[in-house]
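**Q** Please find one structure pasted underneath; my questions will follow.
Quick note: the coordinates plus some simple rules give every number you see, no bench work behind them. Note that the coordinates shown come from a computational prediction; the quantities given were computed from them, not determined experimentally. Quick reminder, even Gly has a Cβ in these numbers, built from the backbone with ideal geometry, and neighbours come from all protein chains shown.
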Amino acid sequence: MAEPTPELSVVVPMFDEEAVLPLFVERLRPVAETWGVPYEILCVDDGSRDATPVLLQRLRREWPEVRVLRLRANAGHQAAISAGLSRARGRWVVTIDADLQDPPEVIGTMLRVAREEGVDVVYGVREDRSSDSVFKRVTARAFYRSIRALSDVDAHVDAGDFRLMSRATVEAVCALPEQGRVLRLVVPALGFPSASVGYRRERRAAGESKYPLARMLRLSLDGVTGFSIVPLRLATWLGLLGGLGALAVLVYAVVAMLLGDTLPGWTSTVVIVAGVGAVQLLALGILGEYVGRTYTALQARPSYFVAHDSLEEVRAPVRPH
Ligand code: UDP
Ligand code: MG
């Protein structure tokens, strides 16, 4: 007989988390008992180099609901979550960090809200960022501000990757072939009905943050470039403007020469410089447009997501698996 499908999968990305893992388990286990549904804890070991894999194997023996997915090499937070999502079997899937910054107690609330309100996604929203450093708060603000300004994704300003998703949502996310998915933007972009649950972001329980500045920048760049070709468009417009400016200079130089108002050699120099500049800038703009198209095509994102077709029977937000 096939194994029963868990009602809830908890996806936990972990990279070198030996310090925090025992604390996480100690806190999660009693909470899991209160869910009252079959569940699986899918630990995604993101190529840890410390004792995390050993601890996970041990944990698996003493907690049957624990599943371990080990990635060969460190793929990064977002990729580790993606790997977990593609393997999770639950009808509901929640993603949570291993460092206890996202309180496991909230998972039960998310599940209840999803069922009561009949939504597909429940975002965990940080109500209080006082445990974050000033630097983190400022950069996070800048990140969400620029995303909201440059794209039309309506991402919640204080929602990270602590969220509950229905099976339909998880499948829609996994069907996107694009690289460098920033899940906190991709999920709202899918447009499933959603709700949110506030929580207090705690300090990391042990160990160190795996998000140095370089990784945060990477995430921001992936976020902006993944959802907006505005920066590229900017290059096109600058190219066009620069090109037109150069043309104007060229015309001026020729007119000035005809009026005999120049030093010998000046006109030819200016004509060459401005002419070459204009051609280059215009060509760059054109290139930019094609690069943008290639990029969008590579992302292969569907241009729409059907919510409902009356030809099919009206179905509840969550399809039973
Ligand atoms: N993580 C991961 N792979 C990485 C970096 C981080 O799986 O390359 C995990 C990490 O173990 C943790 C979560 O992603 O469970 C969030 O990372 P972290 O707490 O270091 O980030 P911060 O909270 O400082 O932004
Ligand atoms: Mg953390």
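**Q** Which of rounded, prolate or oblate describes segment 8-211 when judged by the alpha-carbon gyration tensor and an a/c cut-off of 1.5?
**A** Working: a/c = 1.40, a/b = 1.22, b/c = 1.15.
The shape class here is rounded.
**Q** Using only Cα atoms, locate the centre of segment 43-119 and the centre of segment 127-163, then give the distance between them in Å, rounded to an integer.
**A** Each part reduced to its Cα centre gives a spacing of 23 Å.
**Q** Let me ask something else about it. Long-range amide H contacts for Arg70: which residues qualify at under 5 Å (H placed 1.01 Å from N, peptide plane, sequence gap of 5 or more or a different chain)?
**A** Under 5 Å from the amide H of Arg70 lie the amide H atoms of Asp45, each far enough along the sequence or on another chain.
**Q** Step through the residues of segment 271-282 one at a time and calculate ³J(HN,Hα) from phi using the Karplus curve (6.51 cos²θ - 1.76 cosθ + 1.60, θ = phi - 60°), rounding each to whole Hz and writing x for Gly and Pro.
**A** Per residue, the Karplus-derived 3J(HN,Hα) values read 4, 5, 4, 5, x, 4, x, 4, 4, 4, 5, 5 Hz.
**Q** Tell me which residues come under 5 Å, amide H to amide H, from Glu40 once H is placed; ignore anything under 5 positions away on its chain.
**A** Amide H neighbours of Glu40, under 5 Å, 5+ apart: Leu8, Ser9, Val10.
**Q** Working out 0.36 nm times the residue gap between Arg112 and Arg49, then minus their Cα-Cα distance, what length gain in nm do you get to one decimal?
**A** 19.0 nm
**Q** A follow-up question, please. Using a 10 angstrom Cβ neighbour count of at most 16 plus a DSSP loop assignment to flag exposed chymotrypsin sites (Phe, Trp or Tyr not before Pro), which longest range of the chain is free of such sites?
**A** On the way: sites that count: Tyr304, Phe305.
With chymotrypsin sites (Phe, Trp or Tyr not before Pro) excluded where exposed in loops, the chain gives 1-303 as its longest stretch.
**Q** 222 nm [θ] for the chain, helices only, -39500 (n - 2.57) per DSSP H run of 4+, per residue, to 500?
**A** Result for the chain: -16500 deg cm²/dmol, rounded to the nearest 500.
**Q** Let me ask something else about it. How large is log10 of I(q)/I(0) for segment 230-299 at q = 0.23, 0.25, 0.27, 0.28 Å⁻¹ when the intensity is taken from the Debye formula with one equal scatterer per alpha-carbon?
**A** Scattering profile of segment 230-299, log10 relative to I(0): -0.87, -0.95, -1.03, -1.07.
**Q** Now for a different question. Between Asp128 and Asn74, what length in nm is gained on full extension when 0.36 nm per residue of separation is reduced by their alpha carbon distance?
**A** Values: separation 54, 0.36 × 54 = 19.44 nm, distance 3.04 nm.
So the extension gain works out to 16.4 nm.
**Q** Something else: So in segment 8-211, what percent of DSSP beta bridges are antiparallel if you round to the nearest 5? Don't skip to the end; give the middle numbers.
**A** Values: 8 of 31 bridges.
So the antiparallel bridges amount to about 25 percent of the total.
**Q** Once phi is turned into θ = phi - 60°, what whole-Hz ³J(HN,Hα) does the Karplus curve with 6.51, -1.76 and 1.60 give for every residue of segment 62-75, x standing for Gly and Pro?
**A** 9, 9, x, 6, 7, 10, 10, 10, 10, 8, 5, 9, 4, 9
**Q** When the chain is fully extended, how far beyond the present Cα-Cα distance does Gln280 get from Ser268, taking 0.36 nm per residue of separation?
**A** Values: separation 12, 0.36 × 12 = 4.32 nm, distance 1.80 nm.
Answer, rounded to one decimal: 2.5 nm.
**Q** How large is ³J(HN,Hα), in whole Hz, for each residue of segment 107-112 in order, when computed from phi with the Karplus curve 6.51 cos²θ - 1.76 cosθ + 1.60 and θ = phi - 60°, using x for Gly and Pro?
**A** Result, rounded to whole Hz: 4, x, 5, 4, 4, 5.
**Q** Against the longest principal axis of the chain, how steep is helix 21-35, in degrees 0 to 90 to the nearest 10, with axes from Cα atoms?
**A** The angle comes out near 70 degrees.
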